[in-house]
Amino acid sequence: MTDTIHGRESLVRLLEGILAMPGVTVYAPVAEGDGAAFDRVLSASEALLDSSGAVRPPRQILAPMTETLLAMEPGGSAVDSVPAPEPTILFGARPCDARAIVFLDRVYAGGDRIDPYYAARREALTILSIGCREPRATCFCTSTRGGPLSVEGSDILLEPSGEGWIVRIITERGASLVGRAGLGSSDGRVTDPAAFPQAGAPRDLSALRGRLEQAFDDPRWEALTAKCLGCGACTFLCPSCHCFDIVDAEEDGRIVRSRIWDSCQFKTFTRQASGHDPRPTGADRYRHRLMHKFSYCLESYGMPGCVGCGRCVEACPVNLDIRLLLDAFGGER
Ligand code: SF4
Ligand code: SF4
């Protein structure tokens with residue numbers, strides 16, 4: 001038994017040990033085009049354990065981009081497609097990714113009505129996160145109440161320490177995985193977060209929210225968001241965005257109801273059957289995205305809808321940086 005993982009080879013052996021467990025599905029960062037994405041891995045060699053972040057976040061493990069909700073044969077009754085996944089391990093999540101799953105839990109399963117499709121996948125999931133040794137220039141998790149060593153949402157956190165990692169068990173589910181993987185725990189030994197690089201300056205999110213609400217009719221929205229193309233890349237790569245559409249279609253003689261990711265940045269997102277659109281301009285749509293994440297979500301879910309992962313900053317084809325908009329409308333004035 002050990003409480004520290006010494007170097008990359010030991011990390012690979014840990015992943016190999018987890019992959020050897022019977023009846024588990026493992027997701028980890030893998031190469032995808034010029035970047036990376038969380039995807040299912042069958043061997044440790046597929047995983048990008050040195051990646052400082054995956055471009056595509058892990059949310060599709062819990063809420064796939066397209067999923068069948070139910071199907072109906074002609075003359076028959078609807079049969080729903082609630083999944084029954086085998087135990088699933090998310091290996092190598094970033095702390096912001098784990099925190100985004102806490103947010104998604106509140107959206108899909110935090111109220112009176114629980115989404116059974118999400119809940120079934122979530123119940124099967126164990127999250128092993130790796131703390132960020134060197135946050136990227138676009139990261140600002142510290143500004144959203146998180147941080148490179150945040151444990152929120154993780155069952156296990158591997159805290160960078162020297163060339164290796166200290167194993168921190170956060171939940172009983174994490175303890176169970178650590179036991180099965182033959183690891184020990186840190187026995188309470190943790191890194192001092194203050195001695196660790198932060199990602200962005202801490203922000204008073206309550207004050208930020210108040211300022212954003214005051215700035216709702218600020219004429220600068222138009223000019224500051226004018227270059228937005230409405231492509232939706234920022235929303236599709238966001239670990240906490242969750243808008244979807246429901247579509248019924250005929251497939252092989254059956255009627256299939258599917259849930260498909262949607263984006264509040266698309267022009268047609270709020271267009272009504274009458275033709276009226278309550279958010280007709282790009283500025284209206286971008287303002288909604290910012291207000292939703294830093295005002296409405298704080299009220300509805302008790303946390304911001306942004307974990308500061310920086311993916312939208314990196315992915316935007318016209319370099320529209322959410323941090324600059326937060327400074328412009330939510331900064332000290
Ligand atoms: S990625 Fe950039 S251009 Fe595309 S919708 Fe988002 S803010 Fe607009
Ligand atoms: S809004 Fe941008 S920085 Fe915030 S969680 Fe989504 S992708 Fe990451």
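The values are calculated or read from the model by the stated rules, or taken from the named source; none is laboratory data. These numbers were taken from a predicted model, which means no experiment stands behind them. Neighbour counts run over all protein chains shown; Cβ positions are idealised from the backbone, glycine included.
Please state which one of MET21, MET1 is loosely packed, with under 14 Cβ neighbours inside 10 Å, at pLDDT 90 or above and assigned to a loop (DSSP other than H, G, I, E, B).
MET21
With respect to being modelled with pLDDT under 95 and closer than 30 Å to ASP252 by Cα, ASP50 falls outside the description.
Listed here are the residues, each with its yes/no results for (1) touching a Cys at 6+ places or on another chain (Cβ under 8 Å); (2) under 29 Å from TYR296 (Cα atoms); (3) touching a residue at least 60 places away in the same chain (Cβ under 8 Å); (4) away from ligand 2 (no atom under 16 Å from the Cβ).
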site: PRO148; (1), (2), (3), (4): yes, yes, no, no
site: SER161; (1), (2), (3), (4): no, no, yes, yes
site: VAL178; (1), (2), (3), (4): no, no, no, yes
site: ALA195; (1), (2), (3), (4): no, no, no, yes
site: ASP218; (1), (2), (3), (4): no, yes, yes, yes
site: THR225; (1), (2), (3), (4): no, yes, yes, no
site: CYS243; (1), (2), (3), (4): yes, yes, no, no
site: ALA249; (1), (2), (3), (4): no, no, no, yes
site: GLY253; (1), (2), (3), (4): no, no, yes, yes
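For (1) in contact (Cβ under 8 Å) with a residue 12 or more places away in the chain; (2) surrounded by fewer than 15 Cβ atoms within 10 Å (Cβ to Cβ), each residue gets a yes or a no:
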residue	(1), (2)
PRO280	no, yes
HIS288	yes, no
PHE294	yes, no
ARG311	yes, no
PRO317	yes, yes
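Note on the stretch 251-307: residues that are within 16 Å of ligand 1 (Cβ to nearest atom) and of a type outside the set (S, T, N, Q) amount to 23.
Mind checking whether some residue in the stretch 170-178 is of a type in the set (Lys, Arg) and either buried (at least 20 other Cβ atoms within 10 Å of the Cβ) or in a loop (DSSP other than H, G, I, E, B) (or both)?
No, the stretch 170-178 has no match at all.
SER45 meets each of the listed conditions (1) modelled with pLDDT of 90 or more; (2) more than 21 Å from TRP165 (Cα to Cα); (3) surrounded by fewer than 14 Cβ atoms within 10 Å (Cβ to Cβ) apart from (2). Condition (residue is modelled with pLDDT of 95 or more, assigned to a helix (DSSP H, G or I) and either surrounded by 20 or more Cβ atoms within 10 Å (Cβ to Cβ) or within 16 Å of the chain's Cα centre (by Cα) (or both)) applied to the stretch 71-94: is it met by at least one residue? No; the residues of the stretch 71-94 include none that is modelled with pLDDT of 95 or more, assigned to a helix (DSSP H, G or I) and either surrounded by 20 or more Cβ atoms within 10 Å (Cβ to Cβ) or within 16 Å of the chain's Cα centre (by Cα) (or both). Residues of the stretch 209-228 that are aromatic (Phe, Trp, Tyr) and within 16 Å of ligand 1 (Cβ to nearest atom): TRP221 alone.
Considering ARG271, ARG211, the condition of being surrounded by 12 or more Cβ atoms within 10 Å (Cβ to Cβ), closer than 29 Å to ALA71 by Cα, among the charged types (D, E, K, R) and out of contact with any strand residue (DSSP E or B) (no Cβ under 6 Å at 6 or more places or on another chain) is satisfied by ARG271 alone. When restricted to residues that are farther than 21 Å from THR171 by Cα and touching a residue at least 60 places away in the same chain (Cβ under 8 Å), the stretch 109-127 contains 1. Within this structure, GLU222 fails the test of being buried (at least 22 other Cβ atoms within 10 Å of the Cβ), among the charged types (D, E, K, R) and not in a loop (DSSP other than H, G, I, E, B). Out of SER154, SER161, one residue alone is modelled with pLDDT of 95 or more and of a type in the set (S, T, N, Q). It is SER154.
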